[in-house]
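For reference, the structure discussed in these notes is given below.
The values are calculated or read from the model by the stated rules, or taken from the named source; none is laboratory data. Please read these numbers as outputs of a predicted model, since none were measured by experiment. Because the Cβ atoms are built from the backbone with ideal geometry, glycine has one as well, and the counts that use them run over all protein chains shown.
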Amino acid sequence: MQALLDQLHSTLIKGFEELYDSKPNEKQIQIQKTRKEFEGDFTLNVFPFLRITRSKPEETAQNLGDYLKENVEEVKDYNVIKGFLNLSLSENFWRNTLKSAIENERFGLKENSGRTVLVEFASPNTNKPLHLGHLRNIFLGYSVSNILNANGHNVVNTQIINDRGIHICKSMVAWKEYGNGQTPEDAGLKGDHFVGDYYVKFDQVYKEQIKDLISQGTTEDDAKEQAPIMKQARETLSKWEQGDAETVALWEKMNNWVYSGFDVTYNTMGVDFDKLYYESETYIKGRDVVKKGLKDGSFFEKDNGSIWVDLTKEGLDEKLLLRADGTAVYMTQDIGTAIQRSEDFPKMDQMVYTVGNEQDYHFQVLFKILDKLGYDWAKNCYHLSYGMVELPDGKMKSREGNVVDADDIMAEMKERALEQGKDRGSYEEMPDQEREELARKVGMAALKYFILKVDPKKNMTFNPEESVDMNGNTGPFIQYTYARTASILRKAGEVSLNFSDGEFDDKERELVKMIASFPELIEEAGEQFNPGAVANYCYDLAKVYNGFYQNTPIFGADDQETINWRLGLTKKVGDILKTGMGLLGVEMPERF
């Protein structure tokens, strides 16, 4: 397809030279897909060239249409609507396009670009389990990673695990005070859930202590500072930073419980990582870099001993880098992490951070600081910012213990898929294990697709009921369409590609055009870091195929060549749906 567009572009340049003795601004030659309401395949807007042609738009379009039809074999016909030239391509071109797509097992996937891209996502705290917000982060980051890989880049999946700080110490203090030595195994809980319960316990006790102090005449602000359990948390943090053996041992034990729980959740999600970074390690590098930056004049020190960066000339603000007591802030850690990654992957071309849009300013500052420190790669850092995700009944608040747990949502989606399958009779003769596995795939497809189909920059509401609707823009609908193509191909056996040169109908042509646009779609999705483009393309392709299937006989066609042609279409639609949905992390069942 790109080769034809390039040919049209170069032929138009020659056409201007021959017809008008003038060379146009090549950037103004914009060839777009023809809008659905008009006849044609590609459209050229001729208005930018009227100063060259010195004729009416319709006449200019007519002259250029005649020239392209005469000089480009693939241009079968054209029509003119005001200043728009709509080109129709030959049947032979579309047939060759489909043949080429079918014969290319890596259709849409690029060869190795030589570029290395590091994609950060997930990045949880080790004081609680993953929740609904993490799901959007993880599915988005992992899908972007897959799409970049499809564009030929060498991708490194990574996360920074926030394993230090006062929030971690809160869970430690609560377990030490109220856990009675219990382990996740004793409680029959995943480790991340177990530790998360003690984070909630801390908050409950803390609020009660604040309430008691206020009732004794203490102000609310003082009560928050003087609450005994908060003092214990601060003392625990101080001991950890000083390397107290008992405190460090408890920290390691509880973090390991959480890591075991995370591993189970990631496995259910179907995601993995190539490299892990820990805040407890990278903040040290960041602290050293900040101290060095103070000496060389990149940063400045305030009267209380805290270290800051002044970015007012860059249109930002002053930003704290080290507190007066020498302890690190998030920015300290992020500086250290970025530099460590550049050392681990010296040939890295880009670093992508998948983090919610509430951190937009943070990353503007981080990238400016790295640039100020003289790191050339700072300009290639990118914040993949995304909006909030909620359930229909409102936001999540993890500190209050009513967090929408990721494990619970995934389990609920599987149950919804089971119930739906029973209602439509799909599971009646299916063995138990096969039924469970299909329900898992359908439930995860519903969850992932519903989240990923939305533009990352937009806030969204995840509706579990709507996500499994077999008649809507959902993952299960696309899975069902793929299973339909697989069933047809099983019935057909081996697909022959001995296509005739005859005409084909509008549904067939629409399908071929959509197939031909797949490589361009993948490239654009990679450039824009937008899995939603892939998701909605898959839905549109599935919808068009179902219209084709319902209105165009395959095995009932008049001759074998037509049957072969339509089977070829079916095969390629199935291949692309599997590839496209695979980029979203969705598994496609052969039977539904």
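Given the criteria more than 26 Å from the chain's Cα centre (by Cα) and aliphatic (A, V, I, L, M), does Val442 qualify?
Against the criterion (more than 26 Å from the chain's Cα centre (by Cα) and aliphatic (A, V, I, L, M)), Val442 does not qualify.
Based on this model, can you work out whether Leu68 counts as of a type in the set (A, V, I, L, M, F, W, C), modelled with pLDDT of 95 or more, within 26 Å of Ser517 (Cα to Cα) and not in a helix (DSSP H, G or I)?
Against the criterion (of a type in the set (A, V, I, L, M, F, W, C), modelled with pLDDT of 95 or more, within 26 Å of Ser517 (Cα to Cα) and not in a helix (DSSP H, G or I)), Leu68 does not qualify.
Given the range 299-372, what strands (runs of 3 or more DSSP E) lie entirely inside it while holding 1 or more residues that are more than 24 Å from the chain's Cα centre (by Cα)? Explain how you work it out, then say what you get.
Working: elements: 307-310, 318-322, 350-356.
Strands (runs of 3 or more DSSP E) meeting the threshold: 307-310, 318-322.
Which condition number does Arg95 fail, the rest of (1) buried (at least 18 other Cβ atoms within 10 Å of the Cβ); (2) part of a loop (DSSP other than H, G, I, E, B); (3) of a type in the set (D, E, K, R) being met?
(2)
Evaluate the range 84-103: report whether one residue or more is touching a helix residue (DSSP H, G or I) at 6+ places or on another chain (Cβ under 6 Å), farther than 28 Å from Glu527 by Cα and not aliphatic (A, V, I, L, M).
no
Output the number of residues of the range 73-132 satisfying the condition of being within 30 Å of Lys275 (Cβ to Cβ), β-branched (Val, Ile, Thr) and out of contact with any Lys or Arg (no Cβ under 6 Å at 6 or more places or on another chain).
Summing the residues that are within 30 Å of Lys275 (Cβ to Cβ), β-branched (Val, Ile, Thr) and out of contact with any Lys or Arg (no Cβ under 6 Å at 6 or more places or on another chain) in the range 73-132 gives 3.
Taking the residues in the range 52-92 that are aromatic (Phe, Trp, Tyr) and crowded, with 19+ Cβ neighbours inside 10 Å as candidates, determine which candidate is farthest from Asp506 (Cα to Cα).
My answer is Phe84.
Test of understanding: among Asn546, Asn564, which residue is farther than 21 Å from Lys441 by Cβ and part of a helix (DSSP H, G or I)?
Details: Asn546 fails: farther than 21 Å from Lys441 by Cβ.
Just one listed residue meets the conditions, Asn564.
Checking Val454 against (1) modelled with pLDDT of 95 or more; (2) surrounded by fewer than 16 Cβ atoms within 10 Å (Cβ to Cβ), which test does it fail?
Against the list (1) modelled with pLDDT of 95 or more; (2) surrounded by fewer than 16 Cβ atoms within 10 Å (Cβ to Cβ), Val454 comes up short only on (2).
It is to be established whether one or more residues within the range 357-371 are loosely packed, with under 14 Cβ neighbours inside 10 Å, closer than 30 Å to Leu322 by Cα, modelled with pLDDT of 95 or more and of a type in the set (Phe, Trp, Tyr).
Within the range 357-371 (the criterion being loosely packed, with under 14 Cβ neighbours inside 10 Å, closer than 30 Å to Leu322 by Cα, modelled with pLDDT of 95 or more and of a type in the set (Phe, Trp, Tyr)), the answer is yes, since at least one residue qualifies.
Pick out the one residue from Ser145, Ser113 that is free of Cβ contacts under 8 Å to residues at least 60 places away in the same chain and part of a loop (DSSP other than H, G, I, E, B).
Among Ser145, Ser113, only Ser113 is free of Cβ contacts under 8 Å to residues at least 60 places away in the same chain and part of a loop (DSSP other than H, G, I, E, B).
Failed condition for Thr43, given (1) surrounded by 15 or more Cβ atoms within 10 Å (Cβ to Cβ); (2) at positive phi, with all others met?
Exception for Thr43: condition (2).
May I ask you to say which residue of Lys513, Lys507, Lys543 is at pLDDT 95 or above and more than 30 Å from Pro431 (Cβ to Cβ)?
When all the criteria are applied, what remains is Lys543.
Any idea which of (1) surrounded by fewer than 18 Cβ atoms within 10 Å (Cβ to Cβ); (2) modelled with pLDDT of 95 or more; (3) not hydrophobic (A, V, I, L, M, F, W, C) is the one Glu412 doesn't satisfy?
Answer for Glu412: the failing condition is (2).
Would you check if there is a residue in the range 119-135 being buried (at least 23 other Cβ atoms within 10 Å of the Cβ), β-branched (Val, Ile, Thr) and not assigned by TED's automatic domain parsing to the domain that holds Met460?
Taking every residue of the range 119-135 in turn, at least one turns out to be buried (at least 23 other Cβ atoms within 10 Å of the Cβ), β-branched (Val, Ile, Thr) and not assigned by TED's automatic domain parsing to the domain that holds Met460.
Please indicate, with yes or no, whether at least one residue in the range 396-408 is modelled with pLDDT of 85 or more, exposed (fewer than 13 other Cβ atoms within 10 Å of the Cβ) and over 22 Å from the mean Cα position of the chain (by Cα).
no
What pairs can you find where one residue is in the range 57-73 and in contact (Cβ under 8 Å) with a residue 24 or more places away in the chain, the other is among the acidic types (Asp, Glu) and in a helix (DSSP H, G or I), and their Cβ atoms are less than 9 Å apart, with a gap of 6+ or different chains?
Going by the 9 Å Cβ cut-off, the qualifying pairs are Tyr67/Glu18.
With the structure loaded, tell me whether Leu8 is of a type in the set (A, V, I, L, M) and exposed (fewer than 15 other Cβ atoms within 10 Å of the Cβ) or whether it fails that test.
When the stated conditions are applied, Leu8 does not pass them.
State yes or no: is Gly141 surrounded by fewer than 16 Cβ atoms within 10 Å (Cβ to Cβ), modelled with pLDDT of 95 or more and not acidic (Asp, Glu)?
no
Among the residues of the range 322-367, which ones are charged (D, E, K, R) and in contact with a helix residue (DSSP H, G or I) (Cβ under 7 Å, 6 or more places away or on another chain)? Please lay out each step first, then the result.
The first filter runs over the range 322-367 and keeps only residues charged (D, E, K, R), leaving 323, 325, 334, 341, 343-344, 347, 349, 358, 360.
The answer is Asp334, Asp349.
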